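Q: Below you'll find the structure I mean.
Nothing in this text is a laboratory measurement; each read-out follows from the coordinates by a stated rule. Since the structure is predicted, the reported quantities are computational estimates derived from the model, not experimental observations. All Cβ positions, glycine included, derive from the backbone under ideal geometry; neighbour counts span all protein chains shown.
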Amino acid sequence: MRAMVLEVPGQPLRDAELPDPAPGPGEVLLRVRACGICRTDLHLRDGELEPGHLPLVLGHQIVGEVLTADAAGTHPVGARVGVPWLGWTCGECRYCVSSRENLCERARFTGKDVDGGYAELAVADARYCLPLPPEREYPDLQVAPLLCGGLIGYRALRMTGDAERLGLYGFGAAAHMICQVAVHEGREVYAFTRPGDASGQAFARELGAVWAGTSDDAPPVPLDAAIVFAPVGALVPTALRALAPGGTVVCAGIHMSDIPSFPYADLWRERSIRSVANLTREDARLFLALAPRVPVRTTVTTYELARAEQALAGLRAGAFDGAAVLTV
Ligand SMILES: [Zn+2]
Ligand SMILES: [Zn+2]
């Protein structure tokens, strides 16, 4: 099969011919139809996160068609399924047995520990493959971004409780979906982009944000919660200062630059900072049922598989609104 392979972190992905992967017990073989691009892929590519093995096939928002079913027939041949970041969990650790499989001590992640979807074929544990909404509502390219930015963004949104005034720092793939969900739930969204990103601010307003500005701006009202999607630690104290008492800053990324120190007064009055890690299959079930009801519309820029490196460069540069998806 053809694949775009990470051989040396910090170096461009290489267009390679690899042996076709063979499904093991409990796994399905998938023909990859599309694969979303996530900032986590960029962190792995740039050497900011350690890959589970090298060479590695990145990609954990796989829309695939089952070519070989698992023995239990969890997904029949021909079914369209999604493969998210959570690729396998042990099922027996203290996290797995308390509905926190996202924190499993032995979890394996797609496109990091298990080869992912920047390829023509992929294998995945059938129990972690997700049934997708109907194709007429969500074609392959439109459904792919739901599988990480959507799912993990939704987990982050739930961590904000019933916050009415919600700030989103970093208006990329995840935020453009979560903005729509938050507006659907009757919240007010305040969107913060990089300085100078007028197009990102206009995009946020189109999607229902009541206010959009740069991360240097103070919002017009104190916020009940903020989600930091950008991998920029300096935004954490910035977001904290934008909060009303009792508010929460949720850090939704897997990697972030260091958080600068800040006065305790900014945290005082029951403000809190927390992170969100990974996803559970329950998060996926809830979000994939909710998305068509909102409905969440994804704005997608497509790249052919061979141009994965350009797609990652575009993400690094903030060159597109919404999400990027590889067509395979
Ligand atoms: Zn991701
Ligand atoms: Zn576990």
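Q: Note the per residue figure in Å³ for the convex hull of the C-alpha positions in the range 79-180.
A: Normalising the Cα hull of the range 79-180 by residue number yields 138 Å³.
Q: What order, most packed first, do the peptides 125-133, 164-172 have when packing is the mean number of other Cβ atoms within 10 Å of each residue?
A: Sorting 125-133, 164-172 by mean packing, highest first, produces 164-172, 125-133.
Q: So what's the back-of-envelope 222 nm ellipticity for the chain, counting only DSSP H runs of four-plus at -39500 (n - 2.57) apiece and dividing by all residues, rounded to 500?
A: Theoretical 222 nm ellipticity from helices: -6000 deg cm²/dmol.
Q: Further question on the same structure: With the dipole of the chain worked out from charges on the C-beta (+1 for Lys and Arg, -1 for Asp and Glu) around the Cα centre, which of 109, 5, 52 lies farthest toward the positive end?
A: 109
Q: Just report the Cα centroid separation between the range 222-258 and the range 110-178, whole Å.
A: So the two Cα centres are separated by 21 Å.
Q: The range 261-328: which trypsin sites (Lys or Arg not before Pro) are DSSP loop and have at most 13 other beta-carbon atoms within 10 angstrom?
A: 269
Q: Using unit Cβ charges (K, R positive; D, E negative) and no other charged atoms, how large, in debye to the nearest 20, is the dipole of the chain about its Cα centre?
A: Its charge dipole is roughly 540 debye.
Q: Read phi for every residue in the range 15-31 and hand back ³J(HN,Hα) as whole Hz from Karplus 6.51 cos²θ - 1.76 cosθ + 1.60, θ = phi - 60°, with x for Gly and Pro.
A: Those phi angles translate into 6, 9, 9, 10, x, 4, x, 10, x, x, x, x, 10, 10, 9, 10, 8 Hz.
Q: Nearest 5 is fine: what % of DSSP beta bridges in the chain come out antiparallel, could you say?
A: Restricted to the chain, the bridges split so that about 50 percent are antiparallel.
Q: Of 133, 72, 156, which is farthest towards the positive pole of the range 1-157's charge dipole, taken about the Cα centre with +1 and -1 on the beta-carbons of Lys, Arg and Asp, Glu respectively?
A: Working it through, the farthest residue towards the positive pole turns out to be 156.
Q: Counting other C-beta atoms within 10 Å, which of 215, 98 has the fewest, and how do the rest follow?
A: 98, 215
Q: When DSSP assigns beta bridges and you keep just the ones with both residues in the range 120-217, what percent turn out antiparallel, to the nearest 5?
A: Close to 0 percent.
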